[in-house]
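S.K.: First the structure, then my questions, so here it is.
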Amino acid sequence: MVSKSAFARAVGMAMLAMSSLAFAASLTQVSNWGNTDNGVSMYIYVPDRVATKPPVIVAIHPCGGSAQQYFSLTRLPSYADSLGFILIYPQTTKDQNCWDCYSSATNTHNGGSDSKAIATMVSYTLSKYNGDASKVFSVGSSSGAMMTPILMAAYPDVFAGGAGFSGVPAGCFENATSSTPSNPDQSCARAQKGFTAQQWGDIARAEYPGYTGQYPKMQIWEGTADTLVLIGNLQAQLDQWSNVMGLSFSHNETNTPQSGYTKIVYGDGTRLVGYSAAGVGHFVPFHENDVLSFFNLLGGGTSTSSSTQPSGPTSTTGGGGGPSCTAAHWAECGGIGYGGCTVCASPYSCQVSNAYYSQCL
């Protein structure tokens with residue numbers, strides 16, 4: 001027979017566990033954040049323990065993706081739990097869930113469209129959570145990696161740095177009819193623009209004419225086997241940002257941060273680096289430690305009461321996955337490390353690009 005005291009202790013522990021679950025952080029949609037564009041939504045992840053003046057990271061989904069999908073795709077939420085920063089997950093439902101990287105509005109400071117919407121999300125978050133305006137960053141994959149350089153060029157007064165996985169230079173798509181994989185003009189994605197470093201730099205500077213402050217730091221990742229966004233976009237982006245920042249190529253580091261990757265260092269490596277991933281297609285797997293280290297978010301000054309770094313995949317929910325959900329046209333549907341939907345919406349099928357990436361085509 002169980003004693004009354006033992007029973008009471010068991011009940012108390014169960015209630016404590018339920019209470020912990022009830023207050024566990026989760027991805028939440030935000031309304032009334034200041035945007036009038038019905039095609040863009042804001043989601044946010046605020047950890048249970050937020051740092052004093054928390055940094056803010058905007059995590060931008062790829063074409064065909066969603067805030068929920070990108071939330072479950074990386075271990076960033078686990079790092080947020082440990083280090084106390086806040087994550088913003090924008091979501092677009094326009095152009096097959098691809099970001100507007102082509103309009104003059106989005107490529108202009110305070111011009112409007114998707115870049116302005118994301119900047120507004122940042123302003124809302126900094127105000128509501130007393131965030132650190134000097135530690136605002138953007139990361140993204142594919143279409144999200146195309147939007148990130150635009151944010152760095154059009155809003156260098158908002159962002160301190162960006163990291164793009166399988167993207168293109170800022171302004172690369174400007175004046176095209178869209179920035180989706182179905183866009184008839186693929187000269188940007190196929191790295192066929194042929195601009196010089198000076199021309200790429202001028203394109204970035206033109207997104208915020210008259211800006212004289214320091215531009216954000218940039219980290220750029222591209223796969224050599226990418227058939228959707230070709231590897232030439234790595235050098236194009238390095239040309240653009242080295243020109244903007246006034247930096248020169250320094251050296252390469254082979255097999256960094258892992259075998260088959262080459263780290264391309266400009267200056268002292270604190271403001272501009274690129275990574276060429278040999279044999280990797282579209283898109284390059286997210287490297288949380290390297291990104292957060294580049295942003296100077298690992299270590300003192302950011303952590304709440306714990307500085308432990310996650311060692312495994314995030315256990316947070318939000319994206320679902322497997323055969324019970326469907327991925328939209330152009331969306332990712334498989335590959336090493338992928339945990340989202342593996343069945344494509346009709347009439348599309350999941351086609352393998354490489355071991356790291358499959359896409360609904």
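A short reminder: the numbers here are calculations on the coordinates, not readings from a lab. The model shown is predicted, which means the values in this text are computed figures rather than measured ones. Positions of Cβ are backbone-derived with ideal geometry, glycine not excepted, and every protein chain shown enters the neighbour counts.
S.K.: Treat each spin label as a single point 7 Å out from the Cα along the C-beta direction, and report the residue 262 to residue 134 distance in nm.
M.R.: It is 3.7 nm.
S.K.: Let me ask something else about it. Quick check on the stretch 195-297: what does the Kirkwood estimate of hydrodynamic radius come out to from the alpha carbon pairs, in Å?
M.R.: Roughly 14.3 Å, rounded to one decimal.
S.K.: May I ask for log10 I(q)/I(0) of the stretch 23-304 at q = 0.12 Å⁻¹, from a Debye sum over the Cα atoms as equal point scatterers with solvent left out?
M.R.: Rounded to two decimals, the profile gives -0.67.
S.K.: Moving to a separate point now. Which pairs break 28 Å Cα to Cα here: 135/193; 53/94; 53/217?
M.R.: 135/193; 53/94
S.K.: What's the local net charge at residue 162, with K and R +1, D and E -1, over the other residues with C-beta under 12 Å away?
M.R.: +2
S.K.: Another question, if that's okay. Which order, highest average first, do 94-100, 59-65, 209-215, 341-347 follow once you tally other Cβ atoms within 10 Å for each residue and take the mean per peptide?
M.R.: 59-65, 94-100, 341-347, 209-215
S.K.: Here's something else I'd like to know. Can you give the FRET efficiency to the nearest 0.05 for residue 105 and residue 212, using r as the Cβ-Cβ distance and R₀ = 22 Å?
M.R.: It comes out at approximately 0.45.
S.K.: Need one number for the stretch 84-124: average projected area of the convex hull over its C-alpha atoms, nm².
M.R.: 3.4 nm²
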